[in-house]
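The values are calculated or read from the model by the stated rules, or taken from the named source; none is laboratory data. Note that the structure is predicted; figures quoted are calculated from it, not measured. With ideal geometry, Cβ positions are generated from the backbone for all residues, glycine too; neighbour counts draw on all protein chains shown.
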Amino acid sequence: MLYETKGPFRTMVDVESGTVDRGIYADEGIYQLELERIFARAWNFMCHESQIKKPGDFFLSFIGEESVIATRDKKGELQVLLNSCRHRGNAVCRAEEGNARSFLCTYHGWTYGLDGQLIGVPGYKDFYHEQLDKSQWGLVKAGKVASYKGFVFATMDPEAPDLEEYLGEVGRMGMDLLAEKGDLELVGGVQKNLIGCNWKLAVDNLFDWYHPQISHASAFMSGFRPQLEKLSQEDQELAKIAGIGGGGARQLQRAVLGAYGHAIGGPRLTKIERDARAKLGDKIEILNNDRFRELPQAQQVLGEVGIDTAGHPNIFPNLWMTGFQLSLRLPRGPSQCEIWWFTFVPKEASEERKKVIVHGANHVFGAAGLLEQDDGENWDQSTRAMRGVVASRYPLNFQMGLGQTPVSVNEGVAYIDTNINEHPQLWTYRAWAEWMDAESWAQLKQNHSAAPKVGDLI
Ligand code: FES
Ligand code: FE
C-alpha cells in the first residue's frame with residue numbers, strides 16, 4: 001500500500017498546475033474506494049434494449065466488479081438485479097445472455113423471478129418450517145434503471161439523480177452522437193478482452209489525440225486508413241478541404257465539458273469540411289459514419305456545438321462512443337481492465353454496408369484491433385511504472401493547453417475550441433477527485449463542478 005491516507009483526493013489531482021498523483025492508478029485502497037464511490041454510485045451502461053427485447057431476455061453486465069443481470073420482466077419492465085443468491089451468494093445466472101423464465105441458483109436451488117422476487121425455496125415447509133419471509137430475500141435490485149434512446153443504464157444508488165439529469169447536456173450529446181446515426185441494432189456478440197492497465201488510463205486515452213502519430217505510426221503505414229492516392233486529383237483536393245489524410249491527428253480540436261465528469265474530446269468538423277465530406281461520399285467509406293450530420297433531425301438534436309463535434313465522448317465514468325461502437329472500460333483491480341466492445345449497424349443499411357462497418361470495427365479496436373494493440377502496450381507499461389516506489393514520488397503531467405483558451409458557451413454547452421490539448425482528461429480527473437471526496441450523492445450534488453462558464457481559463 002503506497003498511500004496511508006485516503007484523501008482528500010483533490011490534493012492528488014491538481015487542476016491549477018495540471019498534475020496528477022500516480023498513486024491514483026496503483027493504490028489498492030483507492031481502487032476499493034473507487035468501486036464504492038464511483039461505480040456503485042454512478043449510472044453504469046448495461047446493454048442496448050434490442051438485446052433484451054422480450055420478457056425473460058437477459059444480458060449479464062457489470063457494475064464495477066459486480067455481476068448484474070439486465071433483464072425484462074413479465075410486465076415488460078427493465079430490471080437490473082445483482083447476480084448473487086441471497087442464501088450463500090452464488091451466481092444465479094451463468095450464461096452471458098439468453099432467455100429465462102426464472103433464475104435458479106445451482107447451489108441449493110433458491111429460485112428468483114424475472115423481477116428478482118424469491119419464488120422458490122427447496123425445503124420451505126420441512127426445513128424452514130414456513131418461517132422464511134420470502135418477500136425479504138429477493139435478489140438485490142438496482143436503485144434506478146432507465147433507458148436513453150434505447151441504451152439501458154442502471155445505478156445501485158437510489159439517491160442518484162435521474163438518468164437525463166445525470167447525463168446533462170454533454171452526456172446526452174455524447175449518446176446522441178451515436179443514437180442519431182439511425183435506427184440501430186447490435187451486431188451479435190460483445191468483444192471482451194483483458195488489458196494489464198488501470199481503467200482510468202484506458203479512459204484517459206480515448207480523449208488523447210496527441211498519441212496517434214507516434215503510437216499508431218505502424219498501423220497508419222499498413223494502409224488501413226483511407227488510401228487517398230487512389231482518388232482522382234480533384235477528389236484529392238476535396239479530401240484536403242475535408243481535413244482527411246496527412247497522417248496523425250487533426251489540429252482543429254474541440255473539448256466539450258459537462259457536469260459530473262462527462263466530456264467529449266477530439267476533432268472539430270467545420271461546415272466547410274462537412275460539405276466537402278458529403279461531396280466525397282462513398283468514395284471514402286469511413287466518411288459514411290458522419291453522414292448523419294447532414295440530417296435535419298440530427299442537426300436539431302445535436303445543436304450548433306454538437307453538429308461540429310467529432311471527438312470521442314466519455315459518459316463518466318467509463319463509457320466511450322466511437323463510430324458505430326460503444327466501449328466499456330471495466331475495472332478489474334488497480335492493474336487490470338476488461339475492455340468490452342458493442343458494435344451497432346443501422347437496421348436499414350444494406351448487408352454489404354453492415355459487413356463493411358463490422359470489418360472496420362474489428363480491425364481498429366477489440367482484441368484484434370490494430371489500434372487497441374498499440375494502445376494496450378502503452379497502458380500496460382504505464383500501469384507497471386505507477387507501482388514504482390520511486391516513480392510514485394513524481395506526478396504525471398496534464399498541462400497541455402492549460403489556461404490557454406477561454407471557455408465558450410453556446411446553447412448551454414461549454415466547450416473549448418483549440419489545438420490538441422488535455423482539457424478533457426484533466427476535467428475527468430477533476431471529477432474523479434470530486435466523486436472520491438463525496439461521501440454521498442447529496443454531497444456530490446452539492447460539491448461537484450458544474451460545466452465551466454464563458455471566459456473561464458482552465
Ligand atoms: Fe443459492 Fe444456496 S447459495 S440456494
Ligand atoms: Fe490509440
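Does ARG41 satisfy the condition of being crowded, with 17+ Cβ neighbours inside 10 Å, over 28 Å from TYR107 (Cβ atoms) and at pLDDT 95 or above?
Taking the combined requirement at face value, the residue satisfies it.
Are there any helices (runs of 4 or more DSSP H) wholly within the stretch 370-458 with 2 or more residues that are out of contact with any Cys (no Cβ under 9 Å at 6 or more places or on another chain) and free of Cβ contacts under 8 Å to residues at least 12 places away in the same chain, and if so which?
Output list reads 370-386, 441-447.
Among (1) touching a Lys or Arg at 6+ places or on another chain (Cβ under 9 Å); (2) away from ligand 1 (no atom under 16 Å from the Cβ); (3) at positive phi, where does GLY116 come up short?
All conditions pass for GLY116, except number (2).
Suppose we filter the stretch 7-23 for residues that are surrounded by 20 or more Cβ atoms within 10 Å (Cβ to Cβ) and touching an Asp or Glu at 6+ places or on another chain (Cβ under 9 Å); how many remain?
Selection size over the stretch 7-23: 6.
Looking at this structure, is LEU114 over 22 Å from PHE39 (Cα atoms), touching a strand residue (DSSP E or B) at 6+ places or on another chain (Cβ under 7 Å), hydrophobic (A, V, I, L, M, F, W, C) and not in a strand (DSSP E or B)?
So LEU114 passes the test.
Do you know which residues across the stretch 263-295 are free of Cβ contacts under 8 Å to residues at least 60 places away in the same chain, under 24 Å from PRO424 (Cβ atoms) and in a helix (DSSP H, G or I)?
Within the stretch 263-295, LYS271, GLU273, ARG274, ARG277, ASP290, ARG293 qualify.
Restricted to the stretch 417-442, and to residues that are in contact with a Phe, Trp or Tyr (Cβ under 8 Å, 6 or more places away or on another chain) and β-branched (Val, Ile, Thr), which residue is nearest to GLY403 (Cα to Cα)?
Filtering the stretch 417-442 for residues that are in contact with a Phe, Trp or Tyr (Cβ under 8 Å, 6 or more places away or on another chain) and β-branched (Val, Ile, Thr), the one nearest to GLY403 (Cα to Cα) comes out as ILE420.
Considering only residues that are surrounded by fewer than 17 Cβ atoms within 10 Å (Cβ to Cβ) and small (Gly, Ala, Ser), look in the stretch 76-99 and name the one that is nearest to ligand 1 (Cβ to nearest atom).
Restricting to residues being surrounded by fewer than 17 Cβ atoms within 10 Å (Cβ to Cβ) and small (Gly, Ala, Ser), the top hit is GLY89.
Can you tell me which residue in the stretch 308-332 is surrounded by the fewest Cβ atoms within 10 Å (Cβ to Cβ), limited to those that are in a loop (DSSP other than H, G, I, E, B) and touching a residue at least 60 places away in the same chain (Cβ under 8 Å)?
Taking the candidates together, the pick is ARG332.
Yes/no per residue for (1) within 30 Å of LEU302 (Cα to Cα); (2) out of contact with any helix residue (DSSP H, G or I) (no Cβ under 9 Å at 6 or more places or on another chain):
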site: LEU104; (1), (2): no, yes
site: GLY113; (1), (2): no, yes
site: ILE119; (1), (2): no, no
site: TRP137; (1), (2): no, yes
site: GLY188; (1), (2): yes, yes
site: GLY196; (1), (2): no, no
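Looking at (1) in contact with a Gly (Cβ under 9 Å, 6 or more places away or on another chain); (2) in a strand (DSSP E or B); (3) within 16 Å of ligand 1 (Cβ to nearest atom), can you tell me which one SER67 breaks?
Failing condition for SER67: (1).
Examine the stretch 219-235 for a residue that is among the acidic types (Asp, Glu), in a loop (DSSP other than H, G, I, E, B) and more than 16 Å from ligand 1 (Cβ to nearest atom), and state whether such a residue exists.
No, that holds for no residue.
Per-residue answers, yes or no, for (1) surrounded by fewer than 18 Cβ atoms within 10 Å (Cβ to Cβ); (2) among the acidic types (Asp, Glu); (3) in contact with a Leu (Cβ under 9 Å, 6 or more places away or on another chain); (4) closer than 23 Å to LYS53 by Cβ:
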| position | (1), (2), (3), (4) |
| --- | --- |
| GLY174 | no, no, yes, no |
| LEU177 | no, no, yes, no |
| ASP183 | yes, yes, no, yes |
| GLY188 | yes, no, no, yes |
| GLN191 | no, no, no, yes |
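Take ASN378 and tell me if it is within 16 Å of SER335 (Cβ to Cβ) and surrounded by fewer than 17 Cβ atoms within 10 Å (Cβ to Cβ).
Yes.
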